[in-house]
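Working notes, structure below.
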Amino acid sequence: MRIFIYKTIFIIFCLVIFYKLTIDNTINNLETKLNSIKSKENIEKFTNKIRKELTNGLNKERILSEEDARLINKILKKITSEINQSN
């Protein structure tokens with residue numbers, strides 16, 4: 001009986017160490033990455049980048065390629081027909 005208890009304690013100890021070294025470390029890394037993404041500086045950086053890309057798109061003569069424009073047009077026609085059918 002004593003050997004069983006020692007083995008059980010050893011296995012539990014090994015599982016706790018395994019958890020701390022692998023899963024807990026991964027969770028902590030994910031939390032720090034999420035916190036850095038949610039920081040005010042990064043949000044401002046993302047919004048500035050979006051603004052820059054939008055102004056670049058407006059300065060271009062053509063934003064979409066002909067194929068993309070046709071595809072979006074087909075999708076919009078299908079959506080409007082489905083909306084009209086539901087009324």
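Readers should treat all values here as calculations from the given coordinates under stated rules, not as data from a laboratory. All figures in this text were calculated on a predicted structure; none of them were measured in a lab. We place every Cβ from the backbone using ideal geometry, glycine too, and count neighbours over all the protein chains shown.
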Legend entry - Spin-label model distance (nm) - residue 44 vs residue 21, 7 Å beyond Cα toward Cβ: 4.3
Legend entry - Label-point separation, residue 31 to residue 55 (7 Å along Cα→Cβ), nm: 4.0
Legend entry - Phi to ³J(HN,Hα) by Karplus 6.51 cos²θ - 1.76 cosθ + 1.60 over the stretch 78-86, Hz, x for Gly, Pro: 5, 5, 5, 5, 5, 5, 5, 5, 6
Legend entry - Proximal lysines relative to residue 38, as straight alpha-carbon distance under 23 Å, when same-chain residues fewer than 8 apart are discounted: 49, 52
Legend entry - Cut-off under 5 Å, modelled amide H: who pairs with residue 64 long-range: none
Legend entry - Cross-link partners of residue 45 among lysines (Cα-Cα below 21 Å; sequence separation of 8 or more within a chain): 33
Inset, instruction - Take the alpha-carbon positions of the chain, form their convex hull, and give its projected area averaged over all directions (one quarter of the hull surface) in nm². - result: 14.1
Legend entry - Whole-Hz couplings from phi, Karplus 6.51/-1.76/1.60, listed for the stretch 13-29; x for Gly and Pro: 4, 5, 5, 5, 5, 4, 4, 5, 7, 10, 5, 5, 5, 5, 4, 5, 5
Inset, instruction - Using the Karplus curve 6.51 cos²θ - 1.76 cosθ + 1.60 with θ = phi - 60°, work out ³J(HN,Hα) for each residue of the stretch 54-59 in order, rounded to whole Hz, and write x for Gly and Pro. - result: 5, 5, 5, x, 6, 6
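Which trypsin sites (Lys or Arg not before Pro) in the stretch 42-87 sit in a loop by DSSP (not H, G, I, E or B) and have at most 11 other Cβ atoms within 10 Å of their own Cβ?
60, 62
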Inset, instruction - For every other residue with a beta carbon closer than 12 angstrom to the beta carbon of residue 47, add +1 if it is Lys or Arg and -1 if Asp or Glu, then tell me the sum. - result: +2
